[in-house]
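One structure is given below, encoded as structure tokens.
The values are calculated or read from the model by the stated rules, or taken from the named source; none is laboratory data. Values in this document were obtained by computation on a predicted structure and should not be read as measured data. Here the Cβ positions follow ideal geometry from the backbone for every residue, glycine too, while neighbour counts run over all protein chains shown.
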Amino acid sequence: MLSVVEPHYGDETENYNCMSCQVLLTSSHSLMDNSRLLHNIVEVLQNYNYEDIMIEKKHISNKEILVGLTIDYRHLHDWQSFKENEEPVLKETIQKTINANIAPNLSSRDRLFIQKYSSHPFLDVYGVKCNKGLAFDSVLSHLEEKKERGTNIIYFGDSANDNPAFRKSDISIGIHSDTRLGPLLDCKYMLDFKQLLMFLRGLMDNNYIFSEELLPHVD
């Protein structure tokens, strides 16, 4: 049976006043409806007799509305085979559950969205269609007034879900985080995960001004 994980956060995250801005991409009514549907999907998936597979629930800050699920099978010994043979079955099951429960006149913007990955051992279900490019635009909109002329935006990412943000950034740097993975990243530069700390230290020492000379040289 799939195990369900609800992340526990310590007391230091209980103070939501630290959030200066929240952006809602859809109506709260739609999120509530989709939250119930996400709970229904969890119940359906738990009927599958899979071992070492987790469903991680993701809530909004007040922890009352479920806005996402991650089906995580990275701990499987042969997760590549699972991705090829079993993930499509899970995706089809999820899609059938969505189709059977959504209102026929619901706009595509307000429907649940299934995010697949080219090589990562995950399958995500979002309460609304979203990607890192939308998040990039939202964050940048709050920085534009503070952004000095000539300042470049650096974006780091390690999966295909980061590609929309890579394309919007001034400097895009992909992180090769796992030797078993080969995601197609639409970025200009690549770093191995073990090189990231050295690069960030160099960037900080350079007053956060990017230079290709800061990138670790490959022998």
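Scan 198, 204, 190 and give me the residue that is touching a Gly at 6+ places or on another chain (Cβ under 6 Å), over 14 Å from residue 152 (Cα atoms) and not assigned by TED's automatic domain parsing to the domain that holds residue 121.
190
The rows are residues; the columns are (1) surrounded by fewer than 16 Cβ atoms within 10 Å (Cβ to Cβ); (2) modelled with pLDDT of 90 or more.
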site: 58; (1), (2): no, yes
site: 64; (1), (2): yes, no
site: 68; (1), (2): no, yes
site: 73; (1), (2): no, yes
site: 88; (1), (2): yes, yes
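Evaluate the range 201-216: report whether one residue or more is under 22 Å from the mean Cα position of the chain (by Cα), surrounded by 12 or more Cβ atoms within 10 Å (Cβ to Cβ) and of a type in the set (Phe, Trp, Tyr).
Checked against the condition, which is being under 22 Å from the mean Cα position of the chain (by Cα), surrounded by 12 or more Cβ atoms within 10 Å (Cβ to Cβ) and of a type in the set (Phe, Trp, Tyr), the range 201-216 yields no hits at all.
Filter the range 167-179 down to the residues that are farther than 13 Å from residue 153 by Cα and under 19 Å from the mean Cα position of the chain (by Cα), then identify the one that is modelled with the lowest pLDDT.
Per the stated criteria, the residue is 178.
Quick one: what pairs do we get from the range 99-119, first residue in a strand (DSSP E or B), second aromatic (Phe, Trp, Tyr), C-beta under 9 Å, 6+ apart or different chains?
Pairs that qualify, where the first residue is in a strand (DSSP E or B) and the partner is aromatic (Phe, Trp, Tyr), are 113/126; 114/126; 115/122; 115/126.
Being surrounded by fewer than 17 Cβ atoms within 10 Å (Cβ to Cβ) and β-branched (Val, Ile, Thr) is the filter; apply it to the range 162-200 and report the residue that is nearest to residue 81 (Cα to Cα).
179
Could you please find all residues in the range 117-141 being among the charged types (D, E, K, R) and at pLDDT below 85?
First pass over the range 117-141, keeping only residues among the charged types (D, E, K, R): 124, 129, 132, 137.
Listed by number, the list holds a single entry, 129.
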